[in-house]
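Undergrad: Handing you a structure now.
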Amino acid sequence: MEKRVALVTGASSGIGKATAIKFAQKGYQTAICDIDEEKLSTVAEEIEKIGGEVLTVTCDIAAADEVESMVDKIIDTFGRLDVACNNAGIEGTSALTADYTIDEWDRMMNVNLRGQWICMKYEIPHMLESGGSIINMSSILGQVAFEQAPGYVAAKHGLIGLTKAAALDYASKNIRINAVCPGFIETPMLERAGITTDPETRKSIISLHPLGRLGTVDEIADAVVWLSSDEASFITGHSLVVDGGYVIK
């Protein structure tokens, strides 16, 4: 049997890195994408050390021509695409809705919503013949709101709607399209935002999770790999919340 091929965008660190490594451990040929070529190379080395086959592609998911070229390179290299985890995204700035700049709003939408759609636009045609699974990385902030994050909240809510629409469009083609909605996870993104580095902020954010801690990248990676597997073969159009109970309060 041919090996399955998985693509992970935003794979240079955090959830994307953990997910790419997890796919490789499961025996997938793995394509990893990011704008940070240096960090991406480091991830590739880690995958090769565990015996995985890996392709690295430097790509900005907000640029349609780069995404198209990335997917073409995957097909040229591996001959197929079975799974895509559209994980790449940005955290954006913190500001009240009326104080949010138009440039920042556009940047957020271009990456966190339009970029995800662009990825699906070029991934789906290569799954039409034999089926496949797409996982879009949303957030608990695609389920609920958060202060001073209007762009991020809107984009992640929009991504859930996009996921549902795409799932309906391609269910008859055996392409399952779902989303994962992480809670606050120990990642470089949270470090940049000061959430995990400031003790009081960290304590406050932890208190929002009934399980009493932040999540780990491996916990999200496990959810992605499971949702993309045959074990989840009857699930499509779903948003899987992995959040330590955040949204049940």
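Undergrad: How about the stretch 177-249: which helices (runs of 4 or more DSSP H) wholly inside it have at least 3 residues that are out of contact with any Ser or Thr (no Cβ under 8 Å at 6 or more places or on another chain), under 30 Å from ILE124 (Cα atoms) and modelled with pLDDT of 95 or more?
TA: Answer list for the stretch 177-249: 217-227.
Undergrad: How about the stretch 1-18: which of its residues are without any contact (Cβ under 8 Å) to a residue 40 or more places away in the chain and buried (at least 20 other Cβ atoms within 10 Å of the Cβ)?
TA: Of everything in the stretch 1-18, just one residue is without any contact (Cβ under 8 Å) to a residue 40 or more places away in the chain and buried (at least 20 other Cβ atoms within 10 Å of the Cβ), namely SER12.
Undergrad: Are any residues in the stretch 151-177 surrounded by fewer than 19 Cβ atoms within 10 Å (Cβ to Cβ) and among the basic types (Lys, Arg), and if so, which ones?
TA: Residues satisfying the conditions are LYS164, LYS173.
Undergrad: Oh, and also: Run down LEU211, LEU240 and say which single residue is in contact (Cβ under 8 Å) with a residue 12 or more places away in the chain, surrounded by 12 or more Cβ atoms within 10 Å (Cβ to Cβ) and more than 30 Å from SER130 (Cβ to Cβ). Explain how you work it out, then say what you get.
TA: Working: LEU240 fails: more than 30 Å from SER130 (Cβ to Cβ).
After ruling out the rest, the residue left standing is LEU211.
Undergrad: Go over the candidates ILE90, ILE47, ILE61 one by one and state the one that is among the β-branched types (Val, Ile, Thr), in contact (Cβ under 8 Å) with a residue 12 or more places away in the chain and within 24 Å of ARG176 (Cβ to Cβ). So that I can check it myself, show each step before the final result.
TA: Details: ILE90 fails: within 24 Å of ARG176 (Cβ to Cβ); ILE47 fails: within 24 Å of ARG176 (Cβ to Cβ).
The conditions single out ILE61.
Undergrad: Of a type in the set (Val, Ile, Thr) and assigned to a helix (DSSP H, G or I): does that describe ILE118?
TA: yes
Undergrad: Next up: Just one of the numbered conditions (1) at pLDDT 95 or above; (2) over 12 Å from the mean Cα position of the chain (by Cα) is not true of GLU129; which one?
TA: Tallying (1) at pLDDT 95 or above; (2) over 12 Å from the mean Cα position of the chain (by Cα), GLU129 fails exactly one: (1).
Undergrad: Another question, if that's okay. Inside the stretch 234-249, can you point out the residues that are more than 15 Å from the chain's Cα centre (by Cα) and more than 12 Å from VAL144 (Cβ to Cβ)?
TA: Passing the criteria: PHE234, ILE235, THR236, GLY237, GLY244, GLY245.
The values are calculated or read from the model by the stated rules, or taken from the named source; none is laboratory data. This structure is a prediction, so every number in the text was calculated from the model and none was measured. Counting neighbours? That spans all protein chains shown, and the Cβs are built from the backbone with ideal geometry, glycine included.
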